[in-house]
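First the structure, in the form of structure tokens, and then the observations on it.
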Amino acid sequence: MSGASQVLQGIVRNVERVIVGKRSEIELTVVTLASQGHLLIEDVPGVGKTVLAKALARSMGLLFKRIQFTPDLLPSDVTGVSIYNQGSGEFEYRPGPVVAQVVLADEINRATPKTQAALLEAMEEHQITVDGITHALPRPFIVLATQNPIEYEGTFPLPESQLDRFTLRVHLGYPTRDEEIEILNRQQQVHPLESLEAVTSPEELLDVQRAVREIFVDDLIRRYIVDLAGATRKHPDVYVGASPRASLALCRAAQAWALLHDRDYVTPDDVKALAPSVFSHRMIVQPAARVKDVNGQVIVDDITATLPVPGSRVLA
């Protein structure tokens with residue numbers, strides 16, 4: 001097993017000490033981090049979204065900051081402000097909570113679209129601009145945003161431009177009966193998060209991120225990724241399909257997925273496994289299809305089931 005793969009699997013095992021029965025979701029979270037992306041965690045309150053973000057940061061010794069999104073939150077509360085220093089006669093920048101390595105945007109859809117947009121530059125370019133001055137963000141940098149379903153009162157749907165910047169979206173879901181009993185047992189005396197220690201360092205993580213880019217992707221795999229994205233744009237139930245940014249995100253995530261499973265090449269199954277998490281939140285479904293309970297997940301599953309893999313042969 002390669003060193004980079006060992007690092008990723010070590011993070012997964014460490015987070016599993018806190019999050020019970022969600023190995024697949026933890027792996028997707030680690031894949032997002034390894035591919036230098038951002039993660040949207042969407043589910044009802046109380047299923048462990050915030051705990052997952054904290055456990056990930058502690059497992060790698062990263063600087064963690066949390067932003068509680070509320071309707072009265074201002075963009076400057078996220079990015080920071082410039083304050084005039086009378087002693088020096090100059091403006092000094094006071095960093096906001098977005099200046100960290102792991103940023104938890106908690107209940108991001110409770111803030112207004114203007115405040116949500118304060119994260120756009122940070123997520124895409126790893127920098128922020130305040131009063132015309134650009135400030136680089138520390139690396140590695142990842143935004144983990146939690147979101148409650150939009151059917152709940154007091155929420156604002158995320159703009160499409162922001163959804164497109166999240167590499168993956170995951171749903172934690174409720175635990176099973178046995179898993180919930182295990183959660184009660186683990187937290188009887190103390191929360192396991194309090195004793196969680198780092199299993200890697202920021203420097204090792206940067207090496208892993210560089211190793212992800214070295215994973216081999218065959219031209220046929222690239223063609224398959226592009227064909228999947230193109231199929232979402234032509235689907236009759238889709239108003240706006242996956243963007244080229246989505247294709248790039250799927251390719252990079254597939255490389256990280258292959259590395260996590262100790263391979264130096266990407267397979268079509270890697271792409272199929274990740275396509276729903278990468279594409280489904282980026283698409284705008286036609287109103288008539290939404291009435292029939294058709295969503296992005298259903299559409300991507302249909303496309304991956306029917307679109308042939310380039311280079312494959314149909315058996316007679």
Report task. Select from the stretch 71-102 the residues that are touching a residue at least 24 places away in the same chain (Cβ under 8 Å) and in contact with a Lys or Arg (Cβ under 6 Å, 6 or more places away or on another chain) and list them in ascending order. Result -> Gly80, Val81, Pro97, Ala100
Query - Flag if Leu62 is surrounded by fewer than 21 Cβ atoms within 10 Å (Cβ to Cβ) and either in a loop (DSSP other than H, G, I, E, B) or touching a Phe, Trp or Tyr at 6+ places or on another chain (Cβ under 8 Å) (or both) - result: no
Report task. Identify all residues within the stretch 52-66 that are aliphatic (A, V, I, L, M) and under 16 Å from the mean Cα position of the chain (by Cα); write none if there are none. Result -> Leu52, Ala53, Ala55, Leu56, Ala57
Report task. Please go through the stretch 100-125 and pick out each residue that is out of contact with any strand residue (DSSP E or B) (no Cβ under 7 Å at 6 or more places or on another chain) and of a type outside the set (S, T, N, Q). Result -> Arg110, Ala111, Pro113, Lys114, Ala117, Ala118, Leu120, Glu124, Glu125
Query raised in the report: How many residues does the stretch 184-211 contain that are over 18 Å from Thr29 (Cβ atoms) and either touching a Phe, Trp or Tyr at 6+ places or on another chain (Cβ under 7 Å) or β-branched (Val, Ile, Thr) (or both)?
Result: 1
**Report entry** Residue list for the stretch 74-96, filter: over 22 Å from the mean Cα position of the chain (by Cα) and among the aliphatic types (A, V, I, L, M)
**Finding:** Leu74, Val81, Ile83
Query - Residues of the stretch 76-113 classified as among the polar types (S, T, N, Q), within 21 Å of Leu40 (Cβ to Cβ) and out of contact with any Pro (no Cβ under 7 Å at 6 or more places or on another chain), total - result: 1
Query raised in the report: How many of the residues in the stretch 276-295 are buried (at least 17 other Cβ atoms within 10 Å of the Cβ), aliphatic (A, V, I, L, M) and either touching a Lys or Arg at 6+ places or on another chain (Cβ under 6 Å) or within 17 Å of Glu42 (Cβ to Cβ) (or both)?
Result: 3
Query - Condition met for Leu52 (at pLDDT 90 or above and either touching a Phe, Trp or Tyr at 6+ places or on another chain (Cβ under 9 Å) or of a type in the set (A, V, I, L, M) (or both)) - result: no
Query raised in the report: Looking only at the stretch 22-46, which residues are surrounded by fewer than 18 Cβ atoms within 10 Å (Cβ to Cβ) and modelled with pLDDT under 85?
Result: Val44, Pro45, Gly46
Query raised in the report: Does the stretch 247-263 contain at least one residue that is among the acidic types (Asp, Glu) and over 27 Å from Val102 (Cβ atoms)?
Result: no
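The values are calculated or read from the model by the stated rules, or taken from the named source; none is laboratory data. Because the structure is predicted, anything quoted here is derived from the model rather than measured. Using ideal geometry, Cβ is built from the backbone for each residue, glycine included, and neighbour counts are taken over all protein chains shown.
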